[in-house]
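Take a look at the structure set out below.
The values are calculated or read from the model by the stated rules, or taken from the named source; none is laboratory data. Please read these numbers as outputs of a predicted model, since none were measured by experiment. All Cβ positions, even for glycine, are placed from backbone atoms using ideal geometry, and neighbour counts span all protein chains on display.
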Amino acid sequence: SMIYAGVSQEDPRVQGAVTFLQKNYNLAANPGMGQQGLFYYYHTMAKALDALDQPFFTDANGEQHEWRAELRNRLYNLQQADGSWVNPTTRWMEGDPNLVSGYTLLALAYCKP
């Protein structure tokens, strides 16, 4: 959100967010929260990585991720038979497929190649 407010990518606050993502890049869980808020995390992570305007993201271990493709694949694998998405961990209303499908579609919008 800082980049959208006109803060440069070199700003220490933006760099702090990038460092967090580098240390915690994970598509299996919401860092520190497990499955709680997972789909909101996917949305905010995708928005942040898209704002960096980089096709690849390098984590703290030096592993390069084609994050858009990785996230698209992860979300594809989580899609329900009826086309929706839902989190079995229902905290923060993520048991509601309408809300979670919305988060997912927003995340996917940032994953366009």
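Tell me the residue from 6, 83, 34 that is surrounded by fewer than 16 Cβ atoms within 10 Å (Cβ to Cβ) and farther than 23 Å from residue 102 by Cβ, please.
Every option except 6 fails the conditions.
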Among the residues of segment 81-93, count how many are at positive phi and either aromatic (Phe, Trp, Tyr) or assigned to a loop (DSSP other than H, G, I, E, B) (or both).
2
How many of the residues making up segment 22-31 are exposed (fewer than 15 other Cβ atoms within 10 Å of the Cβ) and part of a loop (DSSP other than H, G, I, E, B)?
4
Looking at segment 91-113 only, could you name the residues that are surrounded by 13 or more Cβ atoms within 10 Å (Cβ to Cβ) and in contact with a helix residue (DSSP H, G or I) (Cβ under 8 Å, 6 or more places away or on another chain)?
92, 94, 99, 100, 103, 104, 106, 107, 108, 110, 111
Suppose we keep only residues that are outside any loop (DSSP other than H, G, I, E, B) and among the small types (Gly, Ala, Ser) within segment 37-80. Which one would you say is surrounded by the most Cβ atoms within 10 Å (Cβ to Cβ)?
46
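Conditions tested, residue by residue: (1) under 29 Å from residue 15 (Cα atoms); (2) modelled with pLDDT under 95.
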{"site": "33", "(1), (2)": "yes, no"}
{"site": "38", "(1), (2)": "yes, no"}
{"site": "44", "(1), (2)": "yes, yes"}
{"site": "66", "(1), (2)": "yes, no"}
{"site": "82", "(1), (2)": "no, no"}
{"site": "85", "(1), (2)": "no, no"}
{"site": "89", "(1), (2)": "no, no"}
{"site": "101", "(1), (2)": "no, no"}
{"site": "110", "(1), (2)": "yes, no"}
What tally of residues in segment 95-113 results from selecting those that are assigned to a loop (DSSP other than H, G, I, E, B) and touching a residue at least 24 places away in the same chain (Cβ under 8 Å)?
4
So residue 19 passes all but one of these: (1) out of contact with any Leu (no Cβ under 9 Å at 6 or more places or on another chain); (2) outside any helix (DSSP H, G or I). Which condition number does it fail?
(2)
If you scan segment 73-101, which residues turn out to be of a type in the set (S, T, N, Q) and under 16 Å from the mean Cα position of the chain (by Cα)?
73, 77, 79, 87, 101
